[in-house]
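Since the structure comes first, as structure tokens, the remarks are kept for the end.
Just so you know, all these numbers are worked out from the coordinates, no wet-lab data involved. Quick caveat: nothing in here was measured; it's all calculated off a predicted structure. Glycine also receives a Cβ, built like all others from the backbone with ideal geometry; neighbour counts cover every protein chain displayed.
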Amino acid sequence: MEAAEPPVPPFVMDRPILNAFVRELVEHERLIAFAEALPTRARVSEPALPLLLAGLHERLQRQLVVVLPEDADARDAAEAAAWFLGDERVGLLPSRGVG
């Protein structure tokens, strides 16, 4: 028996709530200038990092690779970025013991 409509992934339902912050950030002149300067270095506070990553992802319309010093930092950033982008759009590649 087929469903009347295809199932809607959960992130589609959740995305608009936090994605409003991303939509605001994507049009900000400082983010635009930063995106145009990539690859470059930046200092970003830990709480702002997931929103910045989500904004860059949306602004650039491509994948990003972010290297963080510890697996726990990477897990936290990936999990929080997924709040803005959805789980299907965020991946985590742990170090597997590489120093």
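Each residue of segment 32-41 was assigned a 3J(HN,Hα) from its phi angle through the Karplus expression (A = 6.51, B = -1.76, C = 1.60, θ = phi - 60°), giving 4, 5, 5, 4, 5, 8, 4, x, 8, 9 Hz with x at Gly and Pro. Descending by average beta-carbon neighbour count within 10 Å, the peptides 21-30, 71-80, 47-56 line up as 47-56, 71-80, 21-30, the highest first. Subtracting the Cα-Cα distance of ARG75 and ALA4 from 0.36 nm times their residue separation leaves 21.8 nm of extension gain. Charge tally around LEU52: other residues with Cβ under 12 Å, Lys/Arg +1 each, Asp/Glu -1 each, net +1.
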